[in-house]
Amino acid sequence: MGQKGAETRDRLLDATQELVEAGGYFGTGLNQVIARSGAPRGSLYFHFPGGKDQLVGESVRRAGAAIGDSLGALADSELSTPEFVAAVLRQLGERLESSAWRQGCPVATVALETAASHDSIQEACSEVYASWEDALRARLAGQPGGDDLVTAILALIEGALLLARAHRSREPLERVGRQIAVWLG
């Protein structure tokens with residue numbers, strides 16, 4: 001694929017991520033993606049012959065990888081474990097607030113809407129969550145609780161993002177950060 005094709009594909013994925021994260025799978029239509037991306041209609045099916053499910057699945061993986069990269073960068077820092085978790089929550093809170101409360105988790109809404117009915121998208125969501133758990137697991141190695149602690153922390157972060165979005169406030173993220181710091185104390 002040439003540079004122009006790659007740029008078109010990226011624009012389609014960017015538009016899909018933005019629309020799906022703000023409005024969900026069912027609230028996002030392909031016509032919206034085409035309009036937002038500025039890509040020709042034929043490009044959508046050229047790059048994503050599997051249609052909407054392929055487009056959304058790849059968008060979820062791509063957005064998940066970006067957040068996973070941020071987790072990895074923070075995990076590799078000199079921060080203490082509680083400081084690491086606080087930094088993750090702060091970064092996610094900044095992302096959410098700067099998007100006018102539209103961009104919380106790029107996976108959660110899609111997972112809730114499609115996990116029971118769209119196997120390919122469920123697999124993408126599962127892969128992203130597993131990669132985030134792996135990043136947390138690596139950073140929390142040696143902490144008591146092991147996999148249970150990793151799952152609890154990820155679930156708290158996801159729940160805090162949902163509450164922060166609903167309340168349009170970072171307070172739920174801050175509260176969860178304080179609780180996790182107590183656990184990791």
Exercise. Is there a residue in the range 40-49 that is polar (S, T, N, Q), assigned to a helix (DSSP H, G or I), modelled with pLDDT under 95 and under 23 Å from residue 164 (Cα atoms)?
Worked result: no
For this session: Quick one: count up the residues across the range 80-116 that are of a type in the set (S, T, N, Q) and assigned to a helix (DSSP H, G or I).
Result: 5
Seminar exercise, completed: Checked 155, 164, 138 against criteria (surrounded by fewer than 14 Cβ atoms within 10 Å (Cβ to Cβ), assigned to a helix (DSSP H, G or I) and modelled with pLDDT of 95 or more); the one match is 155
Problem set entry | Flag for residue 36 being closer than 21 Å to residue 157 by Cβ and at pLDDT 95 or above | no
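Let's see how each residue does on (1) surrounded by fewer than 16 Cβ atoms within 10 Å (Cβ to Cβ); (2) of a type in the set (Phe, Trp, Tyr):
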{"site": "25", "(1), (2)": "no, yes"}
{"site": "29", "(1), (2)": "yes, no"}
{"site": "50", "(1), (2)": "yes, no"}
{"site": "57", "(1), (2)": "no, no"}
{"site": "77", "(1), (2)": "yes, no"}
{"site": "80", "(1), (2)": "yes, no"}
Exercise. Filtering the range 141-152 down to residues that are assigned to a helix (DSSP H, G or I) and hydrophobic (A, V, I, L, M, F, W, C), which residue is farthest from residue 99 (Cα to Cα)?
Worked result: 149
Exercise. Does residue 124 satisfy the criteria of being of a type in the set (A, V, I, L, M, F, W, C), at pLDDT 90 or above and either outside any helix (DSSP H, G or I) or out of contact with any Leu (no Cβ under 6 Å at 6 or more places or on another chain) (or both)?
Worked result: yes
Exercise. Does residue 139 satisfy the condition of being among the basic types (Lys, Arg), more than 14 Å from residue 21 (Cβ to Cβ) and out of contact with any His (no Cβ under 7 Å at 6 or more places or on another chain)?
Worked result: yes
Seminar exercise, completed: Of those in the range 1-51 that are among the polar types (S, T, N, Q) and free of Cβ contacts under 8 Å to residues at least 40 places away in the same chain, the residue nearest to residue 96 (Cα to Cα) is 28
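Table: residues versus (1) touching a Ser or Thr at 6+ places or on another chain (Cβ under 9 Å); (2) touching a residue at least 12 places away in the same chain (Cβ under 8 Å); (3) within 17 Å of residue 25 (Cα to Cα).
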site	(1), (2), (3)
125	yes, yes, yes
128	no, yes, yes
148	no, no, no
174	no, yes, no
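The values are calculated or read from the model by the stated rules, or taken from the named source; none is laboratory data. Given the structure is predicted, the values throughout are model-derived calculations rather than measurements. Counting neighbours? That spans all protein chains shown, and the Cβs are built from the backbone with ideal geometry, glycine included.
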